[in-house]
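What follows is one structure encoded as structure tokens, with my remarks underneath.
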């Protein structure tokens, strides 16, 4: 399940979906969820708001591709990926990833892979607001380094 949306999401509902038989037909017991929230600071500056934009259609296709790559690499059920767009405030939920697998290592690795590739491959643009005004955020080298490790990692 992939969704790019303005509305908030309910973690309990998404957890029920990732464990439901229709999404997890093998009844995998290792469930990993990741929730990212809007920080109230960045580079030692207070953040008052975050605006996210995306490329409709292309963003969902990219997220589906990342999900498919994870399923080809690890024995996992179909992941749930939710990403919010629009105007968000510090503390708001921004991203949810849910992964189910028979074993925790595969679930942890697949979830980490998904977030690493989401941050570097999915077409999202972020604009922060702070006391100095609005600033479009650049990609971080650390995000690319995290994603690059998956092309070098051959242990599965």
**Report entry** Fraction of beta bridges assigned by DSSP in segment 2-150 that are antiparallel (%, nearest 5)
**Finding:** 90
Query raised in the report: Stretched out fully, how many nm does the piece from residue 19 to residue 41 gain, at 0.36 nm a residue minus the Cα gap?
Result: 4.5 nm
Requested in this report: Using only Cα atoms, find the angle between the long axis of helix 104-121 and the longest principal axis of the chain, and express it within 0 to 90 degrees, rounded to the nearest 10.
Outcome: 40
Query - Semi-axes of the equivalent ellipsoid for segment 1-144, Cα gyration tensor, largest first, Å - result: 29, 15, 14
Report summary line: Nearest-0.05 FRET efficiency for residue 71 and residue 144 at R0 = 25 Å, using Cβ-Cβ distance, is 0.60
Query - 0 to 90° range, to nearest 10: angle between helix 58-73 axis and the chain longest Cα axis - result: 40
Query raised in the report: Taking the Cα atoms only, what angle lies between the long axis of helix 141-152 and the longest principal axis of the chain, rounded to 10 degrees?
Result: 20
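Computed from the coordinates by the stated procedures, all read-outs in this text should not be read as laboratory data. None of these values were measured; they are calculated from a predicted model. Here Cβ is always computed from backbone atoms with ideal geometry, including for glycine, and neighbour counts include all displayed protein chains.
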